[in-house]
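Report on the following structure.
The values are calculated or read from the model by the stated rules, or taken from the named source; none is laboratory data. Every value quoted in this text rests on a predicted model; they were computed, and no experiment measured them. Reconstructed Cβ throughout: ideal geometry from the backbone, glycine too, with neighbour counts over all protein chains shown.
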Amino acid sequence: MEWLHWESSIGLRSWVLNHHTQTHTSQCNAAIAELNYVTGLQNDELVRLTEDKRCLMLGSLKLEYGLAMTESSAFAIAAVCPNLTTLSIGISGVTDAGLIEVAERCPGLTSIALRNCYAVTDAAVLGVATRCPHLTRLQLANSKQITDAGLVAIAQRCKLLTELDISQLEVGDSTMLALGRFSERLKSLDISWCVNTSDLGVRAVAYGCPLLTVLKMKGCRKLTVPTLREIAHVCPSLADSIGEAVPAAKLEDPVPNSRSARLCDGWFSACGFGC
């Protein structure tokens with residue numbers, strides 16, 4: 001990890017436009033700008049970065065732990081980066097309006113990460129669901145205002161989704177049931193600390209998503225041992241995920257193909273699994 005520091009947007013602009021990676025695609029040469037761990041600048045300096053015409057080629061933009069996206073910079077990026085396919089934002093005050101504008105102007109988005117974006121609500125998620133049909137990867141970890149309503153829309157409309165991280169959200173079985181019904185291509189799902197998710201929802205995902213091999217469930221205290229045992233036996237591809245979620249549980253029957261099946265009763269009692 002490297003922290004990069006600039007006192008003005010001039011140095012930042014020069015660095016980004018001269019140190020990005022070029023990835024050849026059938027449509028254009030897509031620039032990748034990783035601005036993670038940038039300090040020393042005002043957030044709206046990002047608006048000035050977009051004044052360079054070469055931003056038209058920008059295909060990937062990552063802003064985490066430093067320079068944050070604001071509503072004004074989101075509108076600026078949307079206006080000049082039509083080829084954007086990857087957007088990653090962390091700890092940001094970006095609003096629904098800004099994200100909806102990006103989704104509207106950048107319909108080719110396939111990967112979106114909005115971690116710790118506390119101002120983002122279901123309105124933005126609904127905007128992404130209706131405007132980004134090619135989405136394959138979505139991370140919404142700890143963006144607390146997002147609820148089942150937004151995620152049900154994602155499941156219904158983003159049929160190409162293969163990876164979803166909704167950890168630490170106040171979502172429950174409505175989201176899981178929708179994923180189990182509509183997200184047949186889902187391979188990886190993180191519902192860690194989604195404390196409202198129960199056996200019903202996890203069963204729906206396990207049985208409805210045949211390609212699922214990663215299911216992170218740490219902190220889901222409504223889940224019970226019989227359900228986890230059932231899923232481990234019926235869906236062997238999820239055995240290791242279950243072993244990681246309950247690393248100290250003792251199952252009556254060994255979990256097939258699991259490297260983490262040595263478990264003890266005390267952990268379940270302490271964590272509310274009630275065995």
From Leu67, Leu84, residue being at pLDDT 85 or above, surrounded by 20 or more Cβ atoms within 10 Å (Cβ to Cβ) and part of a loop (DSSP other than H, G, I, E, B): Leu84
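Step by step: first the residues of region 119-148, then only those that are within 11 Å of Glu170 (Cα to Cα) and out of contact with any Ser or Thr (no Cβ under 6 Å at 6 or more places or on another chain), then the one that is surrounded by the most Cβ atoms within 10 Å (Cβ to Cβ). Which residue is that?
Filtering region 119-148 for residues within 11 Å of Glu170 (Cα to Cα) gives 141-148.
From what's left, out of contact with any Ser or Thr (no Cβ under 6 Å at 6 or more places or on another chain): 142-144, 146-147.
Details: Asn142: 19, Ser143: 23, Lys144: 15, Ile146: 25, Thr147: 17.
Result: Ile146.
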Residues that are charged (D, E, K, R) and free of Cβ contacts under 8 Å to residues at least 40 places away in the same chain, drawn from region 79-124: Asp96, Glu101, Glu104, Arg105, Asp122
Matching residues, region 133-149, being among the basic types (Lys, Arg) and either outside any strand (DSSP E or B) or touching a Pro at 6+ places or on another chain (Cβ under 6 Å) (or both): Lys144
